[in-house]
Amino acid sequence: MSATQKAQVFHSFGLNELKIEERPVPTPGSGELLIRMKAASLNYRDLLMVTGNYNPKLKMPMVPCSDGVGVIESVGQGCSMKEGVRVSPIFARTWHDGPPFREMLKRTHGGPLDGTLQQYMVVPEADVVQVPDHLSDEAAAALPCAGLTAWSALVERGPVRPGEKLLILGTGGVSIFALQFGKALGAELIVTSGSDDKLQRARDMGAHHLINYRSSPNWERDVYKLTGGQGVDHIVEVGGVGTLEKSIRSVKPGGSIYLIGVLAGKEAPLDLTPVLMQDIRIQGVVVGSRRAFENMNRAVDVHKMEPVVDRVFSFDESAKAFEYLKSGSHFGKICIKID
Ligand SMILES: NC(=O)c1ccc[n+]([C@@H]2O[C@H](COP(=O)([O-])OP(=O)(O)OC[C@H]3O[C@@H](n4cnc5c(N)ncnc54)[C@H](OP(=O)(O)O)[C@@H]3O)[C@@H](O)[C@H]2O)c1
């Protein structure tokens, strides 16, 4: 009889549909690794995926989550990595270097490919990276999507230079990584949040200026004042059209807006005139390649950087972890321990 493992699986959309199932432990083929998963982390995308708001035509059953860390349990023929090495699958299989390409979007973990919320997974050796030794499994599991997206924006795309002004919207997974990388790059940091407590935590981590976007709904005016009417050099934009017009008013002529998320909506009237009149760069960012991931890991290792993990849930509590993400109460990342 073949060995079995536990996986979190959904057969139809909805957080209540996420259930533990027994599945066979897969066997690695040539060039593939069997990874014993240790931890996963949640991204907003995973919540959209499980609730049917990402791709209503998603093929099911599906194991959610793009991000995770595990230890190589066994290797297929021709692999050079060894058992016992700690690795993370990359977000989009086959995207190893260079710009993104259409086909890779069909090979992302957590939809349409099964994700990391299972005890074992088989991944091609070419589609994993080694993770920094100093990190716990949970902290390392925060890196593949949120960490890499912030890195890709600020370093691979930017780059943000010392002394430049960086505006970061919100205090979720991507945004807190942006705060950490922005600080390491020597930027002057402005952080917005809907919570004063979270703003205080951002200050403790090195943010120079804080804006509460709830008590200050016209926060672009605060940015204007804080920058002496000049605007910021870079913006980590996770709100989408709900915040983009304010971001356009907050960036200086010739500055960059990294369009990463759509938390505040996908459709709204938008005046784009300042974008062309002020030579503003609106740069879409999609996670990053394996090479970018390896670059980021080197920086995380050198600086012994610690991803901010808000809370760790057990594997059995995975649905609760998703509910917590949905509540928006978190600061940084939400992780799940897999054992
Ligand atoms: N393009 C990519 O490759 C990529 C990669 C990762 C994520 N994303 C996207 O980026 C977004 C953030 O992802 P995440 O995983 O970091 O999410 P997350 O951890 O759930 O972060 C959510 C946080 O965003 C802030 N927020 C929500 N609405 C806001 C608004 N109107 N204005 C300013 N801040 C707001 C809130 O911060 P406060 O509680 O402090 O107010 C909230 O806690 C999502 O849309 C996600 O799909 C895209």
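Taken together, the values in this text are just the output of simple stated rules run on the coordinates, not laboratory data. Please read all numbers here as calculations on a predicted model, not as lab measurements. Counting neighbours? That spans all protein chains shown, and the Cβs are built from the backbone with ideal geometry, glycine included.
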Could you tell me whether the stretch 147-284 comes out rounded, prolate or oblate from its Cα gyration tensor? Rule is a ≥ b ≥ c as square roots of the eigenvalues, rounded for a/c under 1.5, then prolate if a/b exceeds b/c, otherwise oblate. rounded
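So for each of 284-291, 193-200 I average, over its residues, the number of other beta carbons within 10 Å; can you give me the resulting order with the highest mean first? Intermediate results must be reported in sequence, preceding the final value.
Numbers: 284-291: 20.6, 193-200: 16.5.
Those peptides, ordered most packed to least, come out 284-291, 193-200.
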Karplus-derived 3J(HN,Hα) from phi for the stretch 201-218 (6.51 cos²θ - 1.76 cosθ + 1.60, θ = phi - 60°), whole Hz, x at Gly and Pro, runs 5, 5, 4, 4, 8, x, 5, 8, 9, 10, 9, 8, 6, 7, 6, 10, x, 9
If you average the alpha carbon positions of the stretch 65-97 and of the stretch 275-299, how far apart do those two centres end up, in angstrom? 24 Å
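In the structure displayed, which of 165/266; 165/225; 38/333; 6/304; 165/326; 38/320 lie more than 22 Å apart, Cα to Cα?
165/266; 6/304; 165/326
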Amide H of residue 43: which non-local residues (sequence gap of 5 or more, or other chain) have their own amide H closer than 5 Å, using H built in the peptide plane? 66
Note down the magnitude of the dipole of the chain about its Cα centre, charges +1 on Lys and Arg C-beta and -1 on Asp and Glu C-beta and zero elsewhere, to the nearest 20 debye. 440 debye
Which whole-number percent gives the relative contact order of the chain, counting Cα pairs below 8 Å spaced six or more residues apart? 18 percent
Compute the length gained on full extension between residue 60 and residue 337: take 0.36 nm times their separation in residues and subtract their Cα-Cα distance, giving the result in nm to one decimal. 97.3 nm
Suppose each label sits 7 Å from its Cα in the direction of the beta carbon; what would the residue 20-residue 277 distance come out to in nanometres? 6.0 nm
Whole-Hz ³J(HN,Hα) for each residue in the stretch 253-268, computed from phi via Karplus 6.51 cos²θ - 1.76 cosθ + 1.60 with θ = phi - 60°, x for glycine and proline: what do you get? x, x, x, 10, 10, 8, 8, 10, x, 10, 4, 9, x, 10, 9, 5
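Can you give the relative contact order of the stretch 50-167 as a percent, counting alpha carbon pairs under 8 Å and 6+ residues apart?
Working: 147 pairs, mean separation 35.4, N = 118.
The value is 30 percent.
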With x for Gly and Pro, the residue-by-residue ³J(HN,Hα) of the stretch 86-96, computed from phi through the Karplus equation 6.51 cos²θ - 1.76 cosθ + 1.60 at θ = phi - 60° and given in whole Hz, is 8, 9, 10, x, 6, 4, 10, 3, 6, 8, 9
What order do you get for 146-155, 5-14 when each peptide is scored by the mean count of other beta carbon atoms within 10 Å, highest first? 146-155, 5-14
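Dipole of the stretch 147-284, Cα-centred, from +1 at each Lys and Arg C-beta and -1 at each Asp and Glu C-beta, to the nearest 20 debye?
Values: 15 positive and 14 negative charges, 31 e Å.
Using only the charged Cβ atoms, the result is roughly 140 debye.
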Could you point to the residue in 132, 315, 210 farthest towards the positive end of the chain's charge dipole, with +1 and -1 charges on the Cβ of Lys/Arg and Asp/Glu respectively? 210
Using Cα-Cα distances under 8 Å and only pairs 6 or more residues apart, what relative contact order does the stretch 147-284 have, in percent? 20 percent
